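Here's the structure, in structure tokens; my notes come after.
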Amino acid sequence: MKHSPTPTHSFIALLEKKGLLLRNYTQNIDCLDVIAGVSEEKMIECHGHFRTASCIKCKKSFDGEECKRIIVEEKQVPKCKHCKGYVKPDIVFFGEQLPNRYYQLIKKDTKKADLCLVMGTSLMVGPVNNLPEWVGKSCPRVLLNRELVGTFLSRNGTKTRRKSYQRDQTDIFHPGDCDESIRTLCTLLGWNEELDALNASTRVG
């Protein structure tokens, strides 16, 4: 079954289109950000993705779609054409190190960021869950999420679960569904038509 980007994915692509996106860090491996139009240069896919695959023995690349086909249709583990070793999608399994690109850019990006937008996460899986802690203390942090997570609203005091709350002009928590929150934000910005057009252009089926 094919999945399509949500308005939230399209919003990230719209930010890039407007020159407002420094980087998009994601723990998802579904590639929906890229399908939505976010360039790979702006992406840090912390846990990898399914677009490509490689041999776990000789590290030679393997066609991602063919790897997926063999796993899904043939119910087999793909084997490398060069060394006959096993092939896996380029995703990060438990205990494996994150992509080098993450470590190359994380310090520079968190230092340069002038806004940290966090959406749809439990902030439970490390080390990516620490990312909001690494931005400067003067950098506003905005959480669009169903529940309050991490240290939002507690950097300078005690957590609160008020419906909408701002602490020393650094933390904002807006509870609810991400897509609905993005709609509200785009309405305020006058971006809804652009968001709809961009999202419609990436819909599957």
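Look through region 191-205, keep the residues that are assigned to a loop (DSSP other than H, G, I, E, B), under 12 Å from Leu14 (Cβ atoms) and more than 19 Å from the chain's Cα centre (by Cα), and return whichever of them is modelled with the lowest pLDDT.
Ser201
When only residues in region 72-94 that are outside any loop (DSSP other than H, G, I, E, B) and within 25 Å of the chain's Cα centre (by Cα) count, which is surrounded by the most Cβ atoms within 10 Å (Cβ to Cβ)?
Checking each candidate, the answer is Val87.
Select from region 150-175 the residues that are out of contact with any Lys or Arg (no Cβ under 7 Å at 6 or more places or on another chain) and modelled with pLDDT of 85 or more and write down the one among them that is surrounded by the fewest Cβ atoms within 10 Å (Cβ to Cβ).
Thr151
For a quick check of your reading of the model, give me the residue pairs whose first member lies in region 2-20 and is on the phi < 0 side of the Ramachandran plot, whose second is among the acidic types (Asp, Glu) and in a loop (DSSP other than H, G, I, E, B), with beta-carbon atoms closer than 9 Å and at least 6 apart or on different chains.
Listed pairs, sorted by first residue: His3/Asp30.
The values are calculated or read from the model by the stated rules, or taken from the named source; none is laboratory data. Please read all numbers here as calculations on a predicted model, not as lab measurements. Reconstructed Cβ throughout: ideal geometry from the backbone, glycine too, with neighbour counts over all protein chains shown.
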